[in-house]
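K.L.:
Please see the structure below; I have some questions.
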Amino acid sequence: MKLILQFIRPHWKLCVVTVLLLIIDVAGALFIPTLAAQMLNQGTSGASFQALLTTGIQMATASVLSGVCAILGGYACATLSARVGKDMRVAIYEKSLKLSIYDFRHFGTASITTRTVSDITTITMALTSFIQMVLPVPVIFIIALVLCFSLDMEMGFILLGVVVAVLVLAYFIMQSAAPLFKKLQKLLDRMTTVLLENLTGVRVVRAFNNEAKEERRMGIAFSKYAGTSIKANRRFANLDGLSFLFINLFIVVVYWLSGGRISSGNFQIGDITAVIEYAMMVLFFMMMAQMVIMTLPRALECCDRVREVLEHSPEIQDMVAEDPETEEDQTDEVLSFRDVSFRFADAEEDTLFDLNFSCKRGQTTAIIGGTGSGKSTVASLILRFHDVTKGSISLNGVDIRQMTQRYLRDHLAYVQQKAWLFSGTIADNLRYSNPNATEEELMHAADVAQAGDFIRSLPKGLYSFVAQGGTNFSGGQKQRLSIARALVKKPELYIFDDSFSALDFKTDAALRKALAKETKDSAVLIIAQRVSTIQHADQIIVLHEGQMAGIGTHQQLLETCPVYQEIYESQTKKAQEA
């Protein structure tokens with residue numbers, strides 16, 4: 001409930017208006033049976049037509065007022081829930097942007113998606129139902145009981161006993177169902193995970209003729225969810241029947257008691273109608289409340305899941321509130337690693353050991369090594385996707401932990417190993433790093449990245465459509481567009497994380513030549529597996545099992561570094577055999 005109140009608080013005025021409208025609606029609805037009983041009593045006692053007409057006008061007025069308040073209350077309630085849902089989604093999305101890679105592994109991408117979409121939808125639907133169906137219940141109980149007690153004390157106590165019995169029954173059923181709804185949300189995460197895997201990996205599934213296997217896996221996930229859902233629904237299966245039973249017994253008791261009271265002159269025919277109407281209205285709202293109560297355990301579990309994300313402390317946080325002052329005189333040493341070691345949170349040993357190197361302005365630094373040597377981890381540390389375990393990384397002489405993450409990343413341009421494009425146009429993707437870039441700047445960056453020709457060959461050029469993930473382009477085209485996007489930014493440090501792997505040798509060579517001219521005022525860090533991509537770098541760092549096995553130029557490493565020699569010879573041999 002604290003989570004709901006946190007997001008309702010900014011909309012408290014709308015919340016007050018909604019509750020007031022619903023209370024007026026309920027009070028008007030309960031006032032109508034009282035007037036109906038009055039009219040019936042007047043009719044049987046021979047009252048004048050004028051008295052009957054006055055009572056009828058009062059009934060019509062109460063009906064219109066109740067109906068108008070019901071419509072306005074429903075509109076206000078829907079608006080309130082929509083705004084709360086929007087604020088929740090914004091909060092959880094903004095928090096997800098602050099989560100580190102390790103944090104995402106902790107929650108799971110599918111789970112974050114489910115919490116942002118499905119869980120918040122469940123919460124808003126439950127909130128709407130709670131306000132409209134549950135909040136009025138105490139008001140109805142109090143008014144109905146007061147009116148019933150005013151007519152007959154004994155009947156009032158009997159109605160009170162029925163209400164208490166149904167509420168106690170509903171409470172215990174909700175308590176027993178809560179663990180099942182918690183399990184349901186976890187099973188929903190599992191279904192989402194399996195479904196996303198099947199949809200995104202559909203080509204692999206089809207290529208290996210594993211449709212039947214994946215159908216079985218998906219079927220197991222669906223069956224577990226259905227089985228748990230059935231168990232939860234069974235908890236509520238008898239609640240409605242028992243509620244009807246209690247109310248029907250109450251009606252029987254009312255008729256039984258009324259006979260003696262009418263004969264003694266202490267009760268009238270209209271009073272019987274009023275008491276039964278009160279009981280039926282209480283029954284109706286209790287039934288509606290029970291339907292909502294069925295969703296509350298699930299909604300409360302969804303609240304816990306959303307709160308878990310919002311209250312999670314990110315692994316990577318800004319350690320300072322202000323950024324370092326920008327110096328007019330730029331230093332030659334843009335990036336430096338000093339005794340850097342790193343260990344993943346769930347690992348038993350370090351992934352990187354005592355790295356020492358620097359990237360200078362106007363120079364290209366390359367990192368090469370075998371699979372699992374820690375090359376991409378270096379890029380993650382520079383971007384503060386992870387923090388170093390030991391040592392320090394500096395940008396322009398300042399420890400990157402002593403600046404905000406926004407400031408750090410404003411000075412970097414990163415092209416990841418797996419090129420990713422967003423749905424939209426080519427221009428939208430290239431402007432992702434610099435929204436104010438002109439078309440001339442976009443095409444210049446594209447030409448440097450060797451993407452200009454194929455962009456011009458498209459009917460709409462820069463405004464050609466890009467599918468989600470860039471699936472309508474080849475791997476090489478996506479890589480070149482990603483490189484162009486980085487070039488548009490014009491940062492102090494470019495990081496290319498195996499970004500040339502999908503390019504042929506001719507395009508690779510042309511791109512490196514163009515890059516050398518374009519980045520002469522910046523530092524360049526290239527992480528690669530092909531020697532041909534980095535052999536012209538000003539310095540090459542060789543990583544082997546997380547340690548620096550050598551540093552120098554291509555020629556120097558061929559003479560002094562056995563690991564580099566092995567890499568070079570294996571690739572040269574493959575090229576000759578090809």
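K.L.:
Confirm whether residue 242 is out of contact with any Cys (no Cβ under 6 Å at 6 or more places or on another chain) and farther than 30 Å from residue 119 by Cα.
P.N.:
The answer is yes for residue 242.
K.L.:
Anything in region 190-222 that is open to solvent by less than 100 Å² (accessible area, probe 1.4 Å) and charged (D, E, K, R)? List them, or say none.
P.N.:
197, 211, 214, 217
K.L.:
Something else: Select from region 64-106 the residues that are open to solvent by 50 Å² or more (accessible area, probe 1.4 Å) and within 30 Å of residue 32 (Cβ to Cβ) and list them in ascending order.
P.N.:
Pass one, region 64-106, residues open to solvent by 50 Å² or more (accessible area, probe 1.4 Å): 64-65, 68, 71-72, 75, 78, 82-83, 86, 89-90, 93-94, 97-98, 101-102, 104-106.
Correct list: 64, 65, 68, 71, 72, 75, 78.
K.L.:
Additional query: Taking the condition over 27 Å from residue 438 (Cβ atoms) and touching a Gly at 6+ places or on another chain (Cβ under 9 Å), does residue 556 pass?
P.N.:
So residue 556 fits the description; yes.
K.L.:
Moving on. Out of all the residues in region 125-150, which are among the small types (Gly, Ala, Ser) and buried (at least 20 other Cβ atoms within 10 Å of the Cβ)?
P.N.:
Scanning region 125-150 gives 126, 129, 144.
K.L.:
Filter region 74-99 for residues that are among the hydrophobic types (A, V, I, L, M, F, W, C) and without any contact (Cβ under 8 Å) to a residue 40 or more places away in the chain and give the result.
P.N.:
90, 97
Matching residues to (1) among the β-branched types (Val, Ile, Thr); (2) at pLDDT below 80:
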| residue | (1), (2) |
| --- | --- |
| 102 | no, yes |
| 105 | no, yes |
| 111 | no, no |
| 124 | yes, no |
| 133 | no, no |
| 136 | no, no |
| 141 | no, no |
| 145 | no, no |
| 149 | no, no |
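K.L.:
Give the residue that is nearest to residue 315 (Cα to Cα), with candidates limited to residues of region 342-369 that are crowded, with 16+ Cβ neighbours inside 10 Å and of a type in the set (Gly, Ala, Ser).
P.N.:
Checking each candidate, the answer is 358.
K.L.:
Still on this structure, please answer the following. Being open to solvent by 50 Å² or more (accessible area, probe 1.4 Å) and in contact with a strand residue (DSSP E or B) (Cβ under 6 Å, 6 or more places away or on another chain) is the filter here; which residues of region 549-573 pass it?
P.N.:
Once the filter is applied, which keeps residues that are open to solvent by 50 Å² or more (accessible area, probe 1.4 Å) and in contact with a strand residue (DSSP E or B) (Cβ under 6 Å, 6 or more places away or on another chain), region 549-573 yields only 551.
K.L.:
For region 1-31, name all the residues that are open to solvent by less than 50 Å² (accessible area, probe 1.4 Å) and without any contact (Cβ under 8 Å) to a residue 40 or more places away in the chain.
P.N.:
none
K.L.:
May I ask you to list the residues in region 152-183 that are more than 19 Å from residue 292 (Cβ to Cβ), surrounded by 15 or more Cβ atoms within 10 Å (Cβ to Cβ) and touching a residue at least 60 places away in the same chain (Cβ under 8 Å)?
P.N.:
The answer is 152, 155, 158, 159, 162.
K.L.:
Give region 419-461 a look and list any residue that's in a helix (DSSP H, G or I), touching an Asp or Glu at 6+ places or on another chain (Cβ under 9 Å) and exposed (fewer than 15 other Cβ atoms within 10 Å of the Cβ), or say none.
P.N.:
If the condition is that a residue be in a helix (DSSP H, G or I), touching an Asp or Glu at 6+ places or on another chain (Cβ under 9 Å) and exposed (fewer than 15 other Cβ atoms within 10 Å of the Cβ), then 453 is the only one that fits.
K.L.:
Now for a different question. Just one of 474, 532, 482, 499 is under 27 Å from residue 450 (Cα atoms) and at pLDDT 90 or above; which is it?
P.N.:
Values: 474 fails: at pLDDT 90 or above; 532 fails: at pLDDT 90 or above; 499 fails: at pLDDT 90 or above.
From the options 474, 532, 482, 499, the qualifying one is 482.
The values are calculated or read from the model by the stated rules, or taken from the named source; none is laboratory data. Because the structure is a prediction, the values reported are computed rather than measured. Counting neighbours? That spans all protein chains shown, and the Cβs are built from the backbone with ideal geometry, glycine included. Note: accessible area is taken over every heavy atom of the protein model, side chains too, but ligands, DNA and RNA are not part of it. Shrake-Rupley method; radii C 1.70, N 1.55, O 1.52, S 1.80 Å.
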